[in-house]
Amino acid sequence: MDGGMAGDRIEALIAEMTLAEKLGQLSMLAASLVVTGPVLPGDPVDLMRKGRVGGILNTWGHDEIREAQRVAVEETRLKIPLYFAVDVLHGHRTIHPIPLAEACAFDRDLWLRTARESADEATRDGIQMTFAPMLDVCRDPRWGRISECAGEDAYVNCEYARAKVRGFQFDAKDPQRRMFGVAKHFVAYGAVTAGRDYAEVDVSRRALHEVYLPPFKAAVEEGVAGIMPSFTDVAGIAMTAHRGLLRDLLRIKWGFKGIVISDYNAIGELIPHGVAHDMAEAATLALKAGIDIDMMSGAYEDGLPVALERGLVTMDEIDTAVRRVLHMKEAMGLFENPLRGLEKISPGPDTIPEHRVSARDAARRSLVLVKNEGDLLPVSKNGSNIAAIGPLADKPGEMMGPWCMAGEEKEAIGFLQGLREGFPDCTVQHARGCPTDDAIDPGELALAIETARESDVVFLCLGEDRQHCGEAASRTLPRPPACQMELARAIIATGKPVVLVIATSRPWILPDWMVDGARSVVIAMFGGTEAGRAFADVVGGEWNPSARLCISWPYRVGQIPVHYGMRNTGRPHDPNNGFSTNFLDAPIGPRWVFGDGLSYTNFELGELRIDKTIAGASDIVHVEMAVTNAGGRAGEATIFLFAHDPVALVTRPMLELKDFAKLLIEPGETRTAAFALPVSRLAYPGFDMEPRLDDGRINILAGTSARRENLKSVSLEVQQRMTA
Ligand code: NOJ
């Protein structure tokens, strides 16, 4: 991003600053609105006036930003502008599908576009920084924050990271519409024990290097402006104090030049973590690990002066962090124009109508159809009686999901409204049936049953409320609450064709009877502002469903973690062998596998072709597969390219995703999924965690999901001496 203020001007400022002013630049304050942790004492405006605040989080809007910035540039001694940051995770005013849903689109262009549109809206509201993308690979539906990531696979999270960083930071033509991204939460937050938020993380070095670190590396390579360490520890070392990962790996090895921002109150939380006696020690640990900005703990403010006195830190170390903050402000263009990008806009996402159109498109591309017995969907638009039943049927606000700060509930479209608009010639009746998670009222249940009986098709909309998703929303049983189970039993018992619609932020453990009893199952998750219209587009057939699951849906809680990239083991699963890896009471795999998802047409796959069977380390192998649309309507196929290394130095996953492609194919047409696969992508971390490629055979596989039985495969012989 372009700056303007010369480095020597920054040095001159640093030379002039008091210690208090320096620490002010290192402190980020939550001024209002959204607070997810303890609040600091003192009047925020007074603190700003004294130069004790460098930036503000979770405030936006013309008047608020203008006034705060006025105080900074007119009333403080050094007139250094503030920066403003918000968690723009999946939309600002116009809310897009939650990341876990949008990832199911497997569409890099879409990921980029929605990030650019978010940046466009947020910068108009005075924001220069977002705490996004969230890149915590997660395989545990118990964790509420699974909603914020791009699912179970490292490669998908890498591609998602690249697209989001480009979309937020670089894609807008107008520099004022560019927003700094902060990739979070570095690292392995998605592996919290038992999915319990903030709990300890104890993953292997291999898991770190194969699964959890790569998305951050991708973000850094793409030029992400900031990194936020996670609240947690990793194998006993608190991430907020992790010199090995934050300094040696991120800054030195990866060459990251940007800003590192603590999570909310995380520096102060080094005390309860049990690695610091007091704020001075906590601040020392964080500063020495390379954390520049203290979000809301006051540890830098209170602890660093004491640490200086005790000789724990030097002024040079403080200046290094201050310098990074000032360079960031310069790169944001704030010294040139403190009100950069700010516009007076009326509330509501209607301000930018094309963003709503785009949000509807994003939502329908994110909706996964996993069952469609007898082609119940799409539903005819000619005069049928439709029932929208269930606690999530008419809950427009919930459709926005977690982290939708500037999104307005009244602007959101729920399933019921979507169906009413999308099926104008049908009768669309509604009955809630039960609350989301509370006692069921017999009268309400009876009404729902009656409504179902009067209809030709029932959309049974189950799910969770958005405050039960996201941060601090872990569950031991991620499944429909008792009242929703009772409602589902009763509705299925009517014998009417049921479309089960799941609006959750995470995979749910569904009972077999519920899945068997529904003719169709739509995994809607939370589709954002336009969720309801997008839903009607899919179930009415305007849009041929094209999304595929980026996360496995387990059969049982006890299977967690279950994902497609398991290793073979020394006793590979064999249903006929009791002494193979198995469960006595559940299948080994999930109910719905990574890549599962149906369309209203059928795709037939040709053989997998490869342009060379022997390749060297720096070669690119071209892999192709013909895909024919054998059905009656145009549709998008998703083709996944996997690799499997059958013999290596360490045990390898049975499948590893290496690429994916999306193809729009007309009925009867054949198109080619073409992949250019660099052989270097087949490397894996060796004993020393450095990329390692062995000579020998690697299986290359492709198909429409990670179900092995449907994959086509070829083998490739790697011979490194070929390029030596
Ligand atoms: C805590 C969350 O962990 C983090 O993701 C978020 O960016 C901050 N709060 C600020 O809201």
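The values are calculated or read from the model by the stated rules, or taken from the named source; none is laboratory data. Computed from a predicted structure; not experimentally measured. Positions of Cβ are generated from backbone atoms using ideal geometry, with glycine treated the same way; all protein chains shown enter the neighbour counts. In case anyone asks, the SASA skips ligands and DNA or RNA and just uses the protein heavy atoms, side chains included. Shrake-Rupley method; radii C 1.70, N 1.55, O 1.52, S 1.80 Å.
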Output for Cβ contacts, cut-off 7 Å, separation at least six or different chains, first residue closer than 26 Å to Thr18 by Cβ in the range 48-68, second among the basic types (Lys, Arg) and open to solvent by 10 Å² or more (accessible area, probe 1.4 Å), reads Gly51/Arg77
Pairs please, first residue from the range 116-136 and among the aromatic types (Phe, Trp, Tyr), second anywhere and within 15 Å of the ligand (Cβ to nearest atom), Cβ atoms under 6 Å, 6+ apart in sequence or on different chains. Phe131/Asp87; Phe131/Val182; Phe131/Lys184
Restricting attention to the range 122-163, the residues that are open to solvent by 10 Å² or more (accessible area, probe 1.4 Å) and either under 23 Å from Arg356 (Cα atoms) or assigned to a helix (DSSP H, G or I) (or both) number exactly 6
I'd like to verify a number: residues in the range 164-179 that are of a type outside the set (Lys, Arg) and open to solvent by 10 Å² or more (accessible area, probe 1.4 Å), how many? 6
May I ask you to list the residues in the range 32-83 that are within 16 Å of the ligand (Cβ to nearest atom), open to solvent by 70 Å² or more (accessible area, probe 1.4 Å) and modelled with pLDDT of 85 or more? none
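Select from the range 224-261 the residues that are small (Gly, Ala, Ser) and in contact with a helix residue (DSSP H, G or I) (Cβ under 6 Å, 6 or more places away or on another chain) and list them in ascending order. Talk me through it step by step, then tell me what you get.
Applying the first criterion (small (Gly, Ala, Ser)) to the range 224-261 yields 225-226, 230, 235-236, 238, 241, 244, 255, 258.
The answer is Ser230, Ala238, Ala241.
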Yes/no for Arg671 being within 20 Å of His622 (Cβ to Cβ), surrounded by fewer than 21 Cβ atoms within 10 Å (Cβ to Cβ), of a type in the set (Lys, Arg) and out of contact with any helix residue (DSSP H, G or I) (no Cβ under 7 Å at 6 or more places or on another chain): yes
Of (1) more than 17 Å from Met239 (Cβ to Cβ); (2) within 14 Å of the ligand (Cβ to nearest atom), Glu152 fails just (2)
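Just to be sure before I move on: is Gly528 in contact with a Gly (Cβ under 8 Å, 6 or more places away or on another chain) and more than 23 Å from Ser380 (Cβ to Cβ) in the structure I sent? Steps first, answer last, please.
Details: in contact with a Gly (Cβ under 8 Å, 6 or more places away or on another chain): yes; more than 23 Å from Ser380 (Cβ to Cβ): yes.
So Gly528 fits the description; yes.
Mind telling me which of the residues Gly223, Gly167, Gly181, Gly190 ends up being within 14 Å of the ligand (Cβ to nearest atom), within 23 Å of Arg113 (Cα to Cα) and modelled with pLDDT of 95 or more? Before you say what the answer is, go through the steps one by one.
Working: Gly223 fails: within 14 Å of the ligand (Cβ to nearest atom); Gly167 fails: within 14 Å of the ligand (Cβ to nearest atom); Gly190 fails: within 23 Å of Arg113 (Cα to Cα).
Just one listed residue meets the conditions, Gly181.
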Filtering the range 492-514 down to residues that are open to solvent by less than 10 Å² (accessible area, probe 1.4 Å) and in contact (Cβ under 8 Å) with a residue 40 or more places away in the chain yields Val498, Val499, Leu500, Val501, Ile502, Ala503, Thr504, Ser505, Arg506, Pro507, Trp508, Leu510
Given the range 652-724, what strands (runs of 3 or more DSSP E) lie entirely inside it while holding 1 or more residues that are in contact with a Pro (Cβ under 7 Å, 6 or more places away or on another chain) and among the polar types (S, T, N, Q)? 696-703
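For every residue, the table says whether it meets (1) open to solvent by 40 Å² or more (accessible area, probe 1.4 Å); (2) assigned by TED's automatic domain parsing to the domain that holds Gly532; (3) of a type outside the set (S, T, N, Q); (4) modelled with pLDDT of 95 or more.
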| residue | (1), (2), (3), (4) |
| --- | --- |
| Asn385 | yes, yes, no, yes |
| Cys404 | no, yes, yes, no |
| Arg432 | yes, yes, yes, yes |
| Ala439 | yes, yes, yes, yes |
Taking the range 465-491 as the search range and keeping residues that are hydrophobic (A, V, I, L, M, F, W, C) and away from the ligand (no atom under 16 Å from the Cβ), which one is surrounded by the fewest Cβ atoms within 10 Å (Cβ to Cβ)? Leu477
Give the residue that is surrounded by the most Cβ atoms within 10 Å (Cβ to Cβ), with candidates limited to residues of the range 210-220 that are away from the ligand (no atom under 16 Å from the Cβ) and over 19 Å from Ala241 (Cα atoms). Val211
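Criterion first (away from the ligand (no atom under 15 Å from the Cβ) and under 30 Å from Leu367 (Cα atoms)) does Thr94 satisfy it?
Working: away from the ligand (no atom under 15 Å from the Cβ): yes; under 30 Å from Leu367 (Cα atoms): yes.
Considered against the rule, which asks whether it is away from the ligand (no atom under 15 Å from the Cβ) and under 30 Å from Leu367 (Cα atoms), Thr94 comes out as yes.
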Name the helices (runs of 4 or more DSSP H) wholly inside the range 237-355 in which the number of residues that are within 16 Å of the ligand (Cβ to nearest atom), open to solvent by 10 Å² or more (accessible area, probe 1.4 Å) and under 20 Å from Ile14 (Cα atoms) is 3 or more. none
Looking at (1) polar (S, T, N, Q); (2) in contact with an Asp or Glu (Cβ under 9 Å, 6 or more places away or on another chain); (3) open to solvent by less than 10 Å² (accessible area, probe 1.4 Å), find the lone condition where Ser455 falls short. (2)
Note on the range 180-205: residues open to solvent by 10 Å² or more (accessible area, probe 1.4 Å), within 24 Å of Gly558 (Cβ to Cβ) and of a type outside the set (Val, Ile, Thr) are Ala191, Ala194, Arg196, Asp197, Tyr198, Glu200, Asp202, Ser204
